[in-house]
Amino acid sequence: GVTRLLLTRIPFFKEIIVSSFSCDSCSWSNTEIQSAGRIQEQGVRYTLAVTSRQDMNREVVKTDCASARIPELDFEIPAFSQKGVLTTIEGIIDRAVAGLEQDQPARRATDKEVARKIEEFIGKLRQLKEANSPFTFILDDPSGNSFVENPHAPQRDEALVVTHYRRSPQQSAMLGLEGEEVDAKPPDAADDLRDEVLQFNTNCPECNAPASTNMKLVQIPHFKEVIIMATNCDSCGHRTNEVKSGGAIEPQGTRITLRITDPSDMTRDILKSETCSVEIPELEFELGMGALGGKFTTLEGLLKDIRDLVEKNPFTLGDSSTPSRTGKLQEFIGKLQDVKGKTQAHFIMDDPAGNSYLQNVYAPEEDPELRVQRYERTFEQNEELGLNDMKTEGYEAEAASGR
């Protein structure tokens, strides 16, 4: 037979490899997907409330290490029980039905009672496809490489809840990420690195050629210390940079609101951490946490990155997009362009970890257009940041008593 490989990109997600096999002799065919990226820093859980036939057509990327559940039927597809697949919600149900029906003839001959119960369950799965009654579809992937489509992008989808979480040691071992712990550096080692640019070898994320990454500790005035990492590839010219907070998670979350009134606001410095979400109410636009990663740039640079995220995606504005979606996104890009000095708007950064920053051009005086609010994190936000199970005081005594 013939296997075809296609490197493609899922809108508002990432690159994947689609492999398709077909045999001319027996007409058997098979399609699988593999992630073209690396395992993400956090796992991801998609919870979708399916209420209509349109929801059944949502695109789904399910990797081989992801599990899918429908709590209403107490039904679960365990991890590593299927190959990775690019399909829809309806396709996942059809695949489950086909798997259950495969051995039904043998069951009817050996155990009619079990065959009858499985037949009833298959009927319930088929009824879900009609979407006569709402149900919940949960896709949980410790590798962070699965995806459920948001048809309302770039706006928020009220029916879809995306949760990022820290992997457990068991999940890390399942993905083959367990390794020896590296000895921590002496406390004073960081002081010697503040004035030095560190360089270490890596591979280019685009062409996989050997490249070098530069890392530098930088002190942001009136804020805190951050780590800036930049990668330059001499082979393909790809350049990327990323920012990590150099300090601990703050006791409170931070919500920063800037009223854009002048083109000069576009030059304000911005530090957007990985846990920060961005919102522009006038455009009904929201960028969730984790998107675009950590960045240290200007307000204009961040808006340009948001525009590139939409424009350079062939599934949104290319031949693969639908006319209705293309029109909405073209209108959104036009409004986003007007924000750069022509239209007054509010720019909101919400960071539960408190590690994001927007420059106050009047510092150390107060900025009349900038408002910084501190708030107590909710239980769900602490859970997402991994703080509910973290104990930094008194754990020595508990460990000693446990022995």
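The values are calculated or read from the model by the stated rules, or taken from the named source; none is laboratory data. Owing to the predicted nature of the structure, the values given are computational and were not obtained by experimental measurement. Because the Cβ atoms are built from the backbone with ideal geometry, glycine has one as well, and the counts that use them run over all protein chains shown. We work out accessible area using only protein heavy atoms, side chains counted, and drop any ligands, DNA or RNA first. Shrake-Rupley method; radii C 1.70, N 1.55, O 1.52, S 1.80 Å.
Quick look at the numbers
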{"read-out": "FRET efficiency for Glu113 and Leu309, using Cβ-Cβ distance with R0 set to 51 Å, rounded to 0.05", "value": "0.40"}
{"read-out": "Choice from Gly327, Gly176, Gly386 with maximal GNM fluctuation in the chain (Cα, 10 Å cutoff)", "value": "Gly176"}
{"read-out": "Cα→Cβ-extended label distance, 7 Å offset, between Glu282 and Ser22, nm", "value": "5.1"}
{"read-out": "Free-standing Cys residues across the chain, given no other cysteine C-beta under 4.7 angstrom", "value": "Cys23, Cys26, Cys65, Cys276"}
{"read-out": "Residue of Val226, Val114, Val278 that the Gaussian network model of the chain assigns the largest fluctuation, springs spanning Cα pairs under 10 Å", "value": "Val114"}
{"read-out": "Residue among Arg371, Arg116, Arg95 with the largest mean-square fluctuation in a Gaussian network model of the chain, springs linking Cα atoms under 10 Å", "value": "Arg116"}
{"read-out": "Sites Ser264 and Arg4 - FRET efficiency at Förster radius 60 Å, r taken between beta-carbons, to 0.05", "value": "0.70"}
{"read-out": "Inter-label distance, nm, simple model (7 Å from Cα along the C-beta direction), Glu376/Glu196", "value": "4.5"}
{"read-out": "Accessible area of the chain divided out per residue, in Å², using a probe of 1.4 angstrom", "value": "58"}
{"read-out": "Förster radius 51 Å - calculated FRET efficiency between Phe121 and Thr326 (Cβ-Cβ, nearest 0.05)", "value": "0.75"}
{"read-out": "Isotropically averaged projected area of segment 253-385, using the convex hull of Cα atoms (one quarter of hull area), nm²", "value": "8.7"}
{"read-out": "Solvent-accessible area, 1.4 Å probe, carbon plus sulfur percent, for the chain", "value": "48"}
{"read-out": "Separation in nanometres of the label points that stand 7 Å from Cα toward Cβ, at Ile333 and Gln102", "value": "4.4"}
{"read-out": "Reachable lysines from Lys304, criterion Cα separation under 19 angstrom, eight or more residues apart if same chain", "value": "Lys14, Lys272, Lys295, Lys312, Lys328, Lys335, Lys340, Lys342"}
